[in-house]
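This report concerns only the one structure given below.
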Amino acid sequence: MNGQIYDNHGTAFAVSPLRHEDITEALALCDACVGANMYPRSVLEEAVDRPGRYFFLLRSPEGELAGYFYFFLTDLDEMAAFSKVSKDHLARMTEEPEPVLVNLRSLGIARPYRSCGLALAFMRWGLDFLARETPGQVAMGVFWKPNGTLPMVRSLEAFSFLFLEDAHLVWYDTPGLVCPYCQGKCHCDAAVYYKPLKGGNQT
């Protein structure tokens, strides 16, 4: 599951699965990117040990942690509970009665490595991985909209994601979360986007 992507300058960055010995370092980057305590240690431990959970790290040629991408297989019931969008509304994403969904939970790039194309390259790598290595039928995400803006919009448009609808107060009840925009409990809304996956491994 290892891989390689390139930034806009042609510099190669290594992609590798999260290991238990990486968790402390990865947690610090998650806190910096999406807010303190969004992901407790138990979530990352589960991502290492539980089938259907995927947490990939991105490292610079010098071995510095440059980013992470966390996603996992799920279903309509679980996504409805997380997104606070009704199951019937989410079902509009596909004609499959019980689709295998992929929750694109979080993609973060460390501040020194931003604005050089790594988020787009990492998203491309992840979508290719999902289509090639998993039974996922629809990739979707509940994407943060601080102050009504959508930081991920460039990546979503680049890969032809489709807008479903907005979601409200998705992270408000997350225990201990310190939203980097709200500086406390998260009052931010989100937008639900999705993309059908073709050629997925159905075995």
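A short reminder: the numbers here are calculations on the coordinates, not readings from a lab. No experiment lies behind these values; they were computed from the predicted model shown. As a convention, Cβ positions derive from the backbone with ideal geometry for all residues, glycine included, and neighbour counts pool all protein chains shown.
Can you list residues whose amide H is under 5 Å from Glu165's amide H, if they're 5+ apart or on another chain and H is modeled 1.01 Å from N?
Here Val192 satisfy the definition.
Tell me which of Leu118, Pro196, Gly184 sits at the most positive position along the dipole axis of the range 52-203, charges placed on C-beta atoms (Lys, Arg +1; Asp, Glu -1).
The one lying farthest along the dipole's positive direction is Leu118.
If the reach is capped at under 21 angstrom between alpha carbons, list the lysines near Lys195, excluding any in the same chain fewer than eight residues apart.
Hits, sequence-local ones excluded: Lys84, Lys87, Lys145.
Considering only DSSP beta bridges with both partners in the chain, what is the antiparallel share in %, to the nearest 5?
Close to 95 percent.
Given +1 on the Cβ of Lys and Arg, -1 on the Cβ of Asp and Glu, and no further charges, what dipole in debye does the chain carry about its Cα centre, rounded to the nearest 20?
Around 400 debye, computed over the chain.
Pulled fully out, how much extra length does the chain show between Ser115 and Arg50, if you take 0.36 nm times their separation in residues and subtract their Cα-Cα distance? Don't skip to the answer; put the middle values down first.
On the way: separation 65, 0.36 × 65 = 23.40 nm, distance 3.28 nm.
Roughly 20.1 nm would be gained on extension.
Using only DSSP helix segments of four residues or longer, with each worth -39500 (n - 2.57), what per-residue ellipticity at 222 nm results for the chain after dividing by its residue count and rounding to 500?
Roughly -7500 deg cm²/dmol at 222 nm, from the helical runs in the chain.
To the nearest 0.05, what FRET efficiency results for Ser160 and Glu98 with a Förster distance of 22 Å applied to their C-beta separation?
According to the calculation, E is roughly 0.35.
For the range 1-68 and the range 92-166, what is the separation of their C-alpha centers, rounded to whole Å?
16
Spelling out what I want: for every residue of the range 112-119, take phi, set θ = phi - 60°, compute 6.51 cos²θ - 1.76 cosθ + 1.60 (Karplus), and round to whole Hz; glycine and proline get x.
x, 10, 7, 6, 9, x, 6, 4
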